[in-house]
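Heads up, the thing below is written out as structure tokens.
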Amino acid sequence: MSVDTEAGRLRSEADEPGWEVDPDDDWGVAVVATVGRQLKLRREAAGMRAAEFGRAVGYGEDMVYKIEGGKRIPQPEFLDRADEVLGAGGLLSAMKEDVAKVRYPKKVRELAKMEAQAVELGAYVGLSLHGLLQTPTHARALFEAWQPAYAPEEAERMVAARMARKAIFERSPAPALCFVQEEATLRRPVGGTMVWRQQLEHLLEVGRLRNVTLQVMPTNADAHPGLSGKIEVLKFADGTAVGRSDGAYNGRPISDPKQLRILELRYGTIRAQALTPRESLAFIERVLGET
């Protein structure tokens, strides 16, 4: 094999061996720096140059230096291969759990942590489908439409982060999840007809889960408290809660009981004005039939 052919075979930054580290994410920076330092120490202890190690794991020399220098977040496959090549006995592979958390933006990670602890979640969304209800292709189409445009790698990172949050549906005991969606969010063909149909089918599947309540707010409904923006309330096992509303408290997360009661009152009013869960599933079925 020629040098040019071999170099072409090695995966580069464009082949997504990792992601850039968010410099504002102190914990993330520390984790990736520690992983990179361990990789470098073990590579040097094994007497391997960066280029030789890169060929062994299937990545270019420049990418090896970026990962060892804490500039790139390595993929799980990279750590597994590095563990095998360097004979680390599973120590490098064991770092995948912390690295997996760092792969997602700090704000998304914090949101996913709260969702993972919540025993009840209630949300009203008027402009787009709630992130927990989106399919990967639907989410990708939304990120690709963002302005200024995301780089392809960053868009994929955001999609992966959003899909990781859907682990909430697999929890046991299952949390109570309630979503109210404006009719317009169901009728917008995000990503084209096929992506739109798949999204509607996914909504029907999720809406039939025993711990999920899915309601539709029809466009011809009267004015309601959700017209000022998204509302979301998460409740936890210890009796505490966190809420947020685009139209209240400057959109900041709040935990004050008095403020939470106001959000709960607004959300309760929205639910009362929306179609019932049974009517909502029938409505989504009709929209699907029209596509």
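Laid out as a table, the results:
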| quantity | calculated |
| --- | --- |
| Residue within the stretch 109-127 that is under 27 Å from HIS224 (Cβ atoms), surrounded by 15 or more Cβ atoms within 10 Å (Cβ to Cβ) and either among the hydroxyl-bearing types (Ser, Thr, Tyr) or touching a Gly at 6+ places or on another chain (Cβ under 8 Å) (or both) present | yes |
| Test: residue in the stretch 154-161 that is part of a loop (DSSP other than H, G, I, E, B) and buried (at least 16 other Cβ atoms within 10 Å of the Cβ) | no |
| Members of the stretch 20-61 found to be under 21 Å from GLU153 (Cβ atoms), in a helix (DSSP H, G or I) and free of Cβ contacts under 8 Å to residues at least 40 places away in the same chain, listed by number | ALA33, GLY36, VAL57, GLU61 |
| Some residue of the stretch 234-253 being more than 24 Å from the chain's Cα centre (by Cα), in a strand (DSSP E or B) and touching a residue at least 60 places away in the same chain (Cβ under 8 Å) | no |
| Any pair with Cβ under 6 angstrom, 6 or more apart, that starts in the stretch 147-165 at a residue that is in contact (Cβ under 8 Å) with a residue 12 or more places away in the chain and ends at one that is assigned to a loop (DSSP other than H, G, I, E, B) | ALA161/TYR104 |
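Every number here is computed from the coordinates shown, using simple stated rules; none is lab data. If you're wondering where the values come from, they're calculated on a predicted model, not measured in any experiment. Reconstructed Cβ throughout: ideal geometry from the backbone, glycine too, with neighbour counts over all protein chains shown.
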